[in-house]
Amino acid sequence: MVAGCGRVGSGLAITLAEQGHSVAVIDRNAKAFKRLGVGFSGSTVIGSSFDRMVLQSAGIRDADGLAAVSNGDNTNILTARIARENYGVKNVVARIYDPRRAMIYKKLGIPTVATVTWTVDQVERWLSPERTTELWNDSSGKLMLIERILPSSWAGASLKTLEELSGARLVAVTRAGVARLDGHALIGQDGDVLTLAVLREQGERLEQTLESAP
């Protein structure tokens, strides 16, 4: 579900639909849905994204993820909290314009995205935390630099152990928006974003390691 059909919301909805997801978009203004184009395969619902009747009409009870990306910080956080706390939606993320609020919302357990240029990619990443993003590969195609959100099963475990079990090399860990190069010495935390170097032939081994409990 995507709450808000502005430039970010429409771009995100189109991207998710093209990937084969079932997508519902909510916006107060029916004209906003024109941004989706005539070929959009998802559904649209007119109304307030924090109105429970509107959310239920959009299919909130069956949603795997919700992105609140309207142009209002308060609306986005309220929508995200209702989705998480009242409907148990697992993957929830909210866009905010004021980055000073990020720490407050983090305490509520709501991931936030504030950097406009990264918004679509970052929101999509939080909606699909199991997805690995390939950042770079060498000219031979054998070495990859990838980015992945640390699975919750690895929170509290040594990231050095992750390296040893997967055969990958931990290049950096981004925690609370700050990149660190001492990842091998860190204990994993929910929300950590890992940058890893791995041989393509070992990619499956890395995925299996990430998916299993340490």
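List the residues whose amide H sits under 5 Å from the amide H of L66, counting only those 5 or more places along or on another chain, with H placed 1.01 Å from N in the peptide plane.
Residues meeting the amide H criterion: N91, V92, V93.
To make sure I understand the rule: partners must be aspartates and glutamates, Cα under 16 Å from the Cα of K90, and not fewer than 8 residues away in the same chain. Which ones qualify?
Straight-line reach from K90, under 16 Å: D62, D64, E124, E130, D190.
Note down the relative contact order for the chain as a percent, whole number, built from C-alpha pairs under 8 angstrom at least six residues apart.
Reported as a whole number, the value is 14 percent.
From zero outward in steps of 10 Å, how is the percent of C-alpha pairs of the chain spread across the bins?
8, 32, 32, 21, 7, 0
Amide H to amide H under 5 Å from V171: which residues, 5+ apart in sequence or cross-chain, H placed 1.01 Å off N in plane?
For V171, the qualifying residues are T195, L196, A197.
Could you work out how much longer the chain between L165 and E207 gets when fully extended? Use 0.36 nm per residue separation minus the Cα distance between them, nm to one decimal.
Computed gain between L165 and E207 is 14.0 nm.
Quick one: length gained pulling N74 to V38 fully straight, 0.36 nm per residue minus the C-alpha distance?
Length gained between N74 and V38: 9.9 nm.
Within the range 126-167, which residues have the backbone N less than 18 Å from the label spot 7 Å out from L199 along Cα→beta-carbon, could you tell me?
Flagged as within label range: 137-146, 163-167.
Rounded, prolate or oblate, given the Cα gyration tensor of the range 133-211, with a/c below 1.5 counting as rounded? Write down the numbers at each step before the final one.
On the way: a/c = 1.94, a/b = 1.44, b/c = 1.34.
The shape class here is prolate.
So for each of 98-111, 25-38, 76-89 I average, over its residues, the number of other beta carbons within 10 Å; can you give me the resulting order with the highest mean first?
Descending mean neighbour count gives 76-89, 25-38, 98-111.
Set the Förster radius R0 to 25 Å, insert the Cβ-Cβ distance between Q56 and K31 as r into 1/(1 + (r/R0)^6), and round the FRET efficiency to 0.05.
About 0.60, to the nearest 0.05.
Based only on the alpha carbon positions, what is the Kirkwood hydrodynamic radius of the range 2-127, in angstrom?
14.1 Å
Given R₀ = 22 Å, what would the calculated FRET efficiency be for A185 paired with E134, taking r from the Cβ atoms and rounding to 0.05? Let's see the in-between values first.
Values: r = 26 Å, r/R0 = 1.18.
E between A185 and E134, to the nearest 0.05, is 0.25.
Taking square-rooted eigenvalues a ≥ b ≥ c of the alpha carbon gyration tensor, is the range 41-112 rounded, prolate or oblate, where a/c under 1.5 means rounded and, failing that, a/b exceeding b/c means prolate? Please report the intermediate quantities before stating the final value.
Numbers: a/c = 2.07, a/b = 1.57, b/c = 1.32.
Here the range 41-112 falls in the prolate category.
So how much slack lies between S153 and I46, counting 0.36 nm per residue of separation and subtracting their Cα-Cα distance, in nm?
34.7 nm
Read-outs: derived from the displayed coordinates by stated rules, not from any lab. Everything numeric in this text was worked out from a predicted model, so none of it was measured. Neighbour counts are summed over all protein chains in view; Cβ atoms, including those assigned to glycine, are modelled from backbone coordinates with ideal geometry.
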